[in-house]
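Here the structure is laid out as structure tokens; the discussion comes afterwards.
The values are calculated or read from the model by the stated rules, or taken from the named source; none is laboratory data. Since the structure is predicted, the reported quantities are computational estimates derived from the model, not experimental observations. Backbone-built Cβ (ideal geometry, glycine too); neighbour counts: all protein chains shown. For the accessible areas, the whole protein counts, side chains as well, though only heavy atoms, and no ligand, DNA or RNA atoms are used. Shrake-Rupley method; radii C 1.70, N 1.55, O 1.52, S 1.80 Å.
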Amino acid sequence: MAFLHDMRFRAYFYQVVAIGAVILVGWTMFSTASGNLAKQNIATGFDFLTRPAGFVITEAAIAFEATDTVGRAILVGIANTVKVSLLAAIFGTLLGLAVGIARMSRNPLLARLALVYVELLRNVPLLLYLFLWYSLIILILPPVRQALNLLPGVYLSNSGLVVPAALVESGGGALLACLLGGAAAAFAIRRVSMRKRVATGRSNHGGLIATAAFVLPALLLWLAGGVGISWDFPTAGKFRLTGGLHVRPEFVALLFGLALSVSANVAEIVRAGIQAVSKGQWEAAAALGLARGKTMRLVVLPQALRIIIPPLTNTYLTVFKNSSLAIAIGYPDLVMVSNTVMNQTGQAIETIAIFMGVYLALSIAISLLMNWYNAHVALKER
């Protein structure tokens, strides 16, 4: 029984026991609920996923028709949630990085404006901002009949933004392969160039070469006629706009609200990370003749990144969960589609279990990815 005194064994043992207890409690609750529903002649199980959906989803990240299955409808909701959350995380991070650096500016006006920006967004509930952005889009922009023609084929109205859409008629698989191969080559070239730059201290234009490696395969494929691309231009009708790519106001309001909320949190995380870097790093960089901008980019931010990543993980988890507020403004995310499915099928427990499992899986995936990156940038002890 000596293994019971092993700290590592006990740590794993307690985790297994805890997971087993959770699974047991969950299975007991599910069995009890299933038995009670069966007594009342209420259908249970996941067979409803194969039935025709019978409803329309106004915006779908993947192709969907009312005749498709309920499972396909839920998949559309998942894709919509991932799309808007991912874009909000990307735009919010870039904007938050700029605002966080502005908080540290020597210009008092810029620093105060950045502070006001952060405080306004962090101290008002996100749901109210979603209502605000959606109301502004609906009330300020003209109706479809009077849509603003910003550019040839580009229309803006209170029903959203319509732009020309590129349609890949042939060679889509080859184009995707070129893009993926180019991305892998660009990543490898960038890593090699950075290592050489660190070793030699000389610029080798690695970024430019990596960009060319990413773009050239797809460009050469198009020039060789290996891929067929056509353009679908929107046309203004009497009552609506047809054709093109339609960016709806619900999506814009949700993306705008989530991205601004993320940016305020990221700005504070970036500010705290920069302030945690020793002042001596600034002085050492200045002694080497580096300008303040280069010091921030090459010296301070790489060190602050090790402090920024852990709290940034919580921010990304929050944006995916906050996307469920989309139901308030009518964006068909996972929760809204699931609610429609529940009303259609009457099987609430199974549907709720599905979207809870989806959010859990997304959260775990984000945590694993961020933890891997955090370990990658962490200082290695020798």
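Of all the numbered requirements in (1) assigned to a strand (DSSP E or B); (2) farther than 30 Å from A253 by Cα; (3) open to solvent by less than 60 Å² (accessible area, probe 1.4 Å); (4) aliphatic (A, V, I, L, M), V162 misses one, and that requirement is (2).
Please tell me if N204 is open to solvent by 40 Å² or more (accessible area, probe 1.4 Å) and without any contact (Cβ under 8 Å) to a residue 24 or more places away in the chain. Against the criterion (open to solvent by 40 Å² or more (accessible area, probe 1.4 Å) and without any contact (Cβ under 8 Å) to a residue 24 or more places away in the chain), N204 qualifies.
Kindly check whether there is at least one residue in region 5-17 that is over 30 Å from V341 (Cα atoms), modelled with pLDDT under 85, among the hydroxyl-bearing types (S, T, Y) and open to solvent by 60 Å² or more (accessible area, probe 1.4 Å). The answer is yes, given that some residue of region 5-17 is over 30 Å from V341 (Cα atoms), modelled with pLDDT under 85, among the hydroxyl-bearing types (S, T, Y) and open to solvent by 60 Å² or more (accessible area, probe 1.4 Å).
Of the residues making up region 251-290, those that are of a type in the set (A, V, I, L, M), in a helix (DSSP H, G or I) and farther than 17 Å from A102 by Cα number 10. Against the test of being touching a residue at least 40 places away in the same chain (Cβ under 8 Å), of a type in the set (A, V, I, L, M, F, W, C) and open to solvent by 20 Å² or more (accessible area, probe 1.4 Å), the options L312, L325 yield a single qualifying residue, L325. The residue of region 332-369 that is nearest to G77 (Cα to Cα), among those that are not in a helix (DSSP H, G or I) and not small (G, A, S), is D333. In region 38-83, the qualifying residues are those that are of a type in the set (D, E) and in a loop (DSSP other than H, G, I, E, B), and the one that is modelled with the lowest pLDDT is E59. A284 - would you say it is at pLDDT below 90 and in contact with an Asp or Glu (Cβ under 9 Å, 6 or more places away or on another chain)? Answer is no for this residue.
Screening L86, L97 for residues that are modelled with pLDDT of 90 or more and open to solvent by 80 Å² or more (accessible area, probe 1.4 Å) leaves exactly one candidate, L86.
Is it fair to say E119 is of a type in the set (D, E, K, R), in contact with a strand residue (DSSP E or B) (Cβ under 7 Å, 6 or more places away or on another chain) and not in a loop (DSSP other than H, G, I, E, B)? Let's see the steps before the verdict.
Values: of a type in the set (D, E, K, R): yes; in contact with a strand residue (DSSP E or B) (Cβ under 7 Å, 6 or more places away or on another chain): no; not in a loop (DSSP other than H, G, I, E, B): yes.
So E119 does not fit the description; no.
Do you know which residues across region 124-143 are assigned to a loop (DSSP other than H, G, I, E, B), surrounded by fewer than 13 Cβ atoms within 10 Å (Cβ to Cβ) and in contact (Cβ under 8 Å) with a residue 12 or more places away in the chain? Selection gives P142, P143.
Looking only at region 144-159, which residues are open to solvent by 30 Å² or more (accessible area, probe 1.4 Å), more than 12 Å from V252 (Cβ to Cβ) and not in a strand (DSSP E or B)? Within region 144-159, V144, R145, Q146, P152 qualify. Only residues that are closer than 20 Å to V266 by Cα and in contact (Cβ under 8 Å) with a residue 24 or more places away in the chain were counted across region 51-93, and they come to 9.
Considering only residues that are aliphatic (A, V, I, L, M) and open to solvent by 10 Å² or more (accessible area, probe 1.4 Å), look in region 228-258 and name the one that is farthest from the chain's Cα centre (by Cα). Filtering region 228-258 for residues that are aliphatic (A, V, I, L, M) and open to solvent by 10 Å² or more (accessible area, probe 1.4 Å), the one farthest from the chain's Cα centre (by Cα) comes out as A236.
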